[in-house]
Amino acid sequence: MDHRLFFVVGDLLANLLVGVIAGLLSWLIVDTGWNMVIAMFVMMAVGMIAGLVVFMVVTFKLGAMEVMVPVMFSGMLSGMFVGMAMAMMPLSLGDAAMYGGASGLLGIAICWIANTLLRGKTRQA
Amino acid sequence: MPDAVTQAKWDKIAPKFDAMAGAGAEERWHPFKTELFSNMGDGNILFLALGTGLDIPVFPKGKTITAIDISPKMVEQAQERIAAYDGTITAQAMDVHEMPFEPGTFDQIFTSCTFCSVPQPVKGLEALRRVLKPGGQIFMFEHTGSSFYPFKPMMNVMTLLTERFGPAMNRKTVNNVRAAGFKIDEVSNVFLDVVKTIKATNPG
């Protein structure tokens, strides 16, 4: 991960925002009684699109791939979790936003861990 | 004749390219590009895909660089940064597939976010190998597709959108470098396995 404060805070806020948006979209779209698997796939796609929209807004200040990949992943993750939850039980608007935001933060945390594992020299002469 | 479709695409973007590329990306990549470009030696250097010259401030001082870009509008936009460089940059609008340079003209070649946009990447890299001296090195800062789920399908989906107005997000650039006949010296991931630096040698 990028340890510069501006980027750390920016990444956290961008992914939190995507998560909340994906959670709220799940609350709007999915109803209790939906097939859970269908709800999961539909909201993963919707969350990814939400991530793309947020990326287009924040890319100018926060960067390119380092923003695009995490926010799309976080949107997908939040859509998946909250979409599935909505299919199983009714959630309040606040709960959907809170679970979505938490999933967004989980998404950026997973990306940071993956980045720590993958970055650096992979092949030498 | 240069690839008219690609040229028109980048000519169209040129006036707003700096805003699109964004200060954020350049700031993120600054330390890694500085390290990569610090490999610039005193011989003939080719820099491929100059764009609007966003990378010029990261070049070490006092180098003699030939820079090319397929888009004349991009080269036009880069003039101010070229003039500000403390060294010599000769910029020309040129298609990588049709470079008129003699074989083995250059000691080193540098690219920066280039092979996400060259329509025929292996042919483009073969053209670079032709103008690079045997034993000469190519240094690349590139974004590529990922090998890992779920990033891989995400990059594939993104490419469907981004290729219409700019770069592809799912190129296998390391494989392409190898397919063009280079010997890979080092691959270093900058972010996940998506943004990376590649160093390779022309075995001759």
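The values are calculated or read from the model by the stated rules, or taken from the named source; none is laboratory data. Predicted, not measured: the structure shown is a model, and the values here were computed from it. Quick reminder, even Gly has a Cβ in these numbers, built from the backbone with ideal geometry, and neighbours come from all protein chains shown. What goes into the accessible areas is simple: the full protein's heavy atoms, side chains included, and nothing from ligands, DNA or RNA. Shrake-Rupley method; radii C 1.70, N 1.55, O 1.52, S 1.80 Å.
To keep it simple, each residue is scored yes or no on (1) more than 12 Å from the chain's Cα centre (by Cα); (2) crowded, with 18+ Cβ neighbours inside 10 Å.
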{"position": "A:37", "(1), (2)": "yes, no"}
{"position": "A:51", "(1), (2)": "no, yes"}
{"position": "A:54", "(1), (2)": "no, yes"}
{"position": "A:60", "(1), (2)": "yes, no"}
{"position": "A:70", "(1), (2)": "no, yes"}
{"position": "A:88", "(1), (2)": "yes, no"}
{"position": "A:91", "(1), (2)": "yes, yes"}
{"position": "A:117", "(1), (2)": "yes, no"}
{"position": "A:120", "(1), (2)": "yes, no"}
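Which residues, taken from region B:158-184, are in contact with an Asp or Glu (Cβ under 8 Å, 6 or more places away or on another chain) and either free of Cβ contacts under 8 Å to residues at least 40 places away in the same chain or not aliphatic (A, V, I, L, M) (or both)?
Selection gives B:171, B:173, B:181.
Would you say residue A:38 is under 19 Å from residue B:191 (Cβ atoms), out of contact with any helix residue (DSSP H, G or I) (no Cβ under 7 Å at 6 or more places or on another chain) and more than 10 Å from chain B (Cβ to nearest Cβ)? If you could, list the steps in order and put the result at the bottom.
Details: under 19 Å from residue B:191 (Cβ atoms): no; out of contact with any helix residue (DSSP H, G or I) (no Cβ under 7 Å at 6 or more places or on another chain): yes; more than 10 Å from chain B (Cβ to nearest Cβ): yes.
Criteria not met by residue A:38.
Given the conditions (1) under 14 Å from the mean Cα position of the chain (by Cα); (2) among the basic types (Lys, Arg); (3) farther than 29 Å from residue B:61 by Cβ, which single one is not true for residue B:196?
(3)
Condition test on residue B:187, is it free of Cβ contacts under 8 Å to residues at least 40 places away in the same chain and open to solvent by less than 10 Å² (accessible area, probe 1.4 Å)?
Yes: the conditions hold for residue B:187.
Do we have any residue at all in region B:107-126 that's open to solvent by less than 60 Å² (accessible area, probe 1.4 Å), within 11 Å of chain A (Cβ to nearest Cβ) and either out of contact with any strand residue (DSSP E or B) (no Cβ under 8 Å at 6 or more places or on another chain) or polar (S, T, N, Q) (or both)?
There is no residue in region B:107-126 that is open to solvent by less than 60 Å² (accessible area, probe 1.4 Å), within 11 Å of chain A (Cβ to nearest Cβ) and either out of contact with any strand residue (DSSP E or B) (no Cβ under 8 Å at 6 or more places or on another chain) or polar (S, T, N, Q) (or both).
Restricting attention to region A:66-86, and to residues there that are over 22 Å from residue A:7 (Cβ atoms) and without any contact (Cβ under 8 Å) to a residue 60 or more places away in the chain, which single residue is nearest to the other protein chains (Cβ to nearest Cβ)?
Only one residue fits best here, namely A:80.
How many of the residues in region B:135-172 are open to solvent by 40 Å² or more (accessible area, probe 1.4 Å), outside any strand (DSSP E or B) and not charged (D, E, K, R)?
Of the residues in region B:135-172, 10 are open to solvent by 40 Å² or more (accessible area, probe 1.4 Å), outside any strand (DSSP E or B) and not charged (D, E, K, R).
Among the residues of region B:1-48 satisfying the criterion of being among the polar types (S, T, N, Q) and under 22 Å from residue B:163 (Cβ atoms), which is surrounded by the fewest Cβ atoms within 10 Å (Cβ to Cβ)?
By that ranking, first place goes to B:6.
Report, by residue number, each residue of region A:50-65 that is facing another protein chain (nearest Cβ under 7 Å) and farther than 18 Å from residue B:18 by Cα.
Start the filter on region A:50-65 by keeping residues that are facing another protein chain (nearest Cβ under 7 Å), which leaves A:59-65.
None - no residue of region A:50-65 is facing another protein chain (nearest Cβ under 7 Å) and farther than 18 Å from residue B:18 by Cα, so the list stays empty.
Tell me which of these residue B:67 doesn't satisfy, since it passes every other one: (1) small (Gly, Ala, Ser); (2) open to solvent by 10 Å² or more (accessible area, probe 1.4 Å); (3) touching a Phe, Trp or Tyr at 6+ places or on another chain (Cβ under 6 Å).
Answer for residue B:67: the failing condition is (2).
Identify, from the list A:113, A:49, A:21, the residue that is under 30 Å from residue B:113 (Cβ atoms), in contact (Cβ under 8 Å) with a residue 40 or more places away in the chain and in a helix (DSSP H, G or I). Lay out the reasoning, then the answer.
Numbers: A:113 fails: in contact (Cβ under 8 Å) with a residue 40 or more places away in the chain; A:49 fails: in contact (Cβ under 8 Å) with a residue 40 or more places away in the chain.
Going through A:113, A:49, A:21 in turn, the sole match is A:21.
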